[in-house]
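The values are calculated or read from the model by the stated rules, or taken from the named source; none is laboratory data. Being a predicted model, the structure only gives us computed values, none of them experimental. Neighbour counts are summed over all protein chains in view; Cβ atoms, including those assigned to glycine, are modelled from backbone coordinates with ideal geometry. Note: accessible area is taken over every heavy atom of the protein model, side chains too, but ligands, DNA and RNA are not part of it. Shrake-Rupley method; radii C 1.70, N 1.55, O 1.52, S 1.80 Å.
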Amino acid sequence: MATKVLQLNHVREGMKVAKSIYGPHGEILLAAGVSLNSFYIKRLEEMEVAAIYIEDEATEGIVINDVISEKTRIEAIKLTKECMNNIKLQSSVDVAKVNQVITDIVDELLSNNNIIVQVLEIRALNDHTFSHSVNVAVLSVITGIALGFDYKKLKDLALGALFHDIGKTLMPESILFKTEPLTQKEEEIWKKHPLLGFDILRKLPTINLTNAHIALEHHERYDGKGFPRGLSGNVISELARVVTVCNQYDKMTTYQIGQPRMKPFQAIEVLIGNSSKFFDADIVRAFLGIIAIFPIGSKVTLNIGVKGIVIEAYKNYPTRPKVRVLTDKNGEKIFPPYDIDLTDMPEICIIKVEEEG
């Protein structure tokens, strides 16, 4: 499947959806292969979908795979929604179902010996809490694998990451969905969600304090200037330090209406720049090894003046992908295009990533 990402305002009728688009609760809004028409585009706008993958002849034959199956991701999103709604209604949580989804996520990720994250998850933005939680869980487990965590530790990490924001279920919606800056009083209320989450999780059967401390500490900072307790360094639980990095990365690289997402290399610069300040530097280092700095489909300019699209990314060489060259130095289209593997050509490098669309 040949794909590239386009912001919705650049999408036109007749283009084909290359990757399925999901609603806020895991439901498929549009399946891969559907041809877009005015009705579909208008509906996506109403659902606040900011960008989509479309089929593109320039990347013909290139496949972008998610790190977990579509089935597992959908089930995880549905479960997260169900659990958070049950908490809000003071109802019970199906712990057996939670354990099954956590096991599926961990087992699928462990079965992939060469994981590198390069799929931008396309989701509706009018209620993306559940998708965000699943994304943070997936990123956290992959980071945990890179850090050498054992199976039990990975499952603890996955569970805590999936419910790191569960305290927000008890937050006023007027604060959670406010688009303007919070007032000082509102911010004080918002900062209570880690404590609320800890209190919720520690009371649930079979969920241990390790899981609960991830929710409690995911807004602590390595330099001690975070909240709610101002913990610093290794006093913050290791699993919470992992989730802090993954949580911030997903927030920075997620589309929001009126606020363009950061590209992966920009978000990575923020993580590196704040290592040992906001984040544990060792965990940031491990995280960098699992992320494609220039994901497949990125439109780039090389230092030799030509432009192209990234068609393959390498785990051990994140800044040296394979690029399909599409235009010459004068901006004229090349036919047929040709591929350059930057791992074989150290004198050539990427100097610019073009805007999506």
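Just one of the listed residues (V270, V284) is assigned to a helix (DSSP H, G or I), within 22 Å of F149 (Cβ to Cβ) and under 16 Å from the mean Cα position of the chain (by Cα), namely V284. Filtering segment 64-79 to residues that are assigned to a loop (DSSP other than H, G, I, E, B) and open to solvent by 50 Å² or more (accessible area, probe 1.4 Å) leaves N65, D66.
One residue stands out among those in segment 329-354 that are more than 11 Å from L302 (Cβ to Cβ) and of a type in the set (D, E, K, R): the one that is surrounded by the most Cβ atoms within 10 Å (Cβ to Cβ), which is D341. Taking every residue in segment 115-141 that is more than 23 Å from N85 (Cα to Cα) and open to solvent by less than 20 Å² (accessible area, probe 1.4 Å) and pairing it with any residue that is modelled with pLDDT of 85 or more and among the charged types (D, E, K, R), at least 6 positions away or on another chain, the pairs with Cβ-Cβ distances below 9 Å are L139/D250; V141/K155.
Going through (1) within 23 Å of E70 (Cβ to Cβ); (2) modelled with pLDDT of 95 or more; (3) open to solvent by 60 Å² or more (accessible area, probe 1.4 Å); (4) of a type in the set (D, E) one by one, E82 falls short only on (2). In segment 35-51, the residue that is modelled with the lowest pLDDT out of those that are in a loop (DSSP other than H, G, I, E, B) and either open to solvent by 40 Å² or more (accessible area, probe 1.4 Å) or on the phi > 0 side of the Ramachandran plot (or both) is E48. Residue check: is K277 at pLDDT 95 or above and surrounded by fewer than 19 Cβ atoms within 10 Å (Cβ to Cβ)? When the stated conditions are applied, K277 passes them.
Of the numbered criteria (1) without any contact (Cβ under 8 Å) to a residue 24 or more places away in the chain; (2) farther than 22 Å from V242 by Cα, the one N274 fails is (2). Restricting attention to segment 313-323, does a residue exist that is farther than 18 Å from I142 by Cβ, hydroxyl-bearing (S, T, Y) and in contact with a Lys or Arg (Cβ under 6 Å, 6 or more places away or on another chain)? The answer is no, given that none of the residues of segment 313-323 is farther than 18 Å from I142 by Cβ, hydroxyl-bearing (S, T, Y) and in contact with a Lys or Arg (Cβ under 6 Å, 6 or more places away or on another chain).
Say whether the condition of being open to solvent by less than 10 Å² (accessible area, probe 1.4 Å) and among the hydroxyl-bearing types (S, T, Y) is met by at least one residue in segment 91-105. The answer is no; no qualifying residue exists.
Of the helices (runs of 4 or more DSSP H) lying entirely inside segment 159-267, those containing at least 3 residues that are crowded, with 18+ Cβ neighbours inside 10 Å are 193-202, 209-217, 238-252. The requirement of being within 30 Å of V136 (Cα to Cα) and either aromatic (F, W, Y) or open to solvent by 50 Å² or more (accessible area, probe 1.4 Å) (or both) is fulfilled somewhere in segment 294-311, by at least one residue. Restricted to segment 312-321, and to residues there that are surrounded by fewer than 20 Cβ atoms within 10 Å (Cβ to Cβ) and charged (D, E, K, R), the residue that is modelled with the highest pLDDT is E312.
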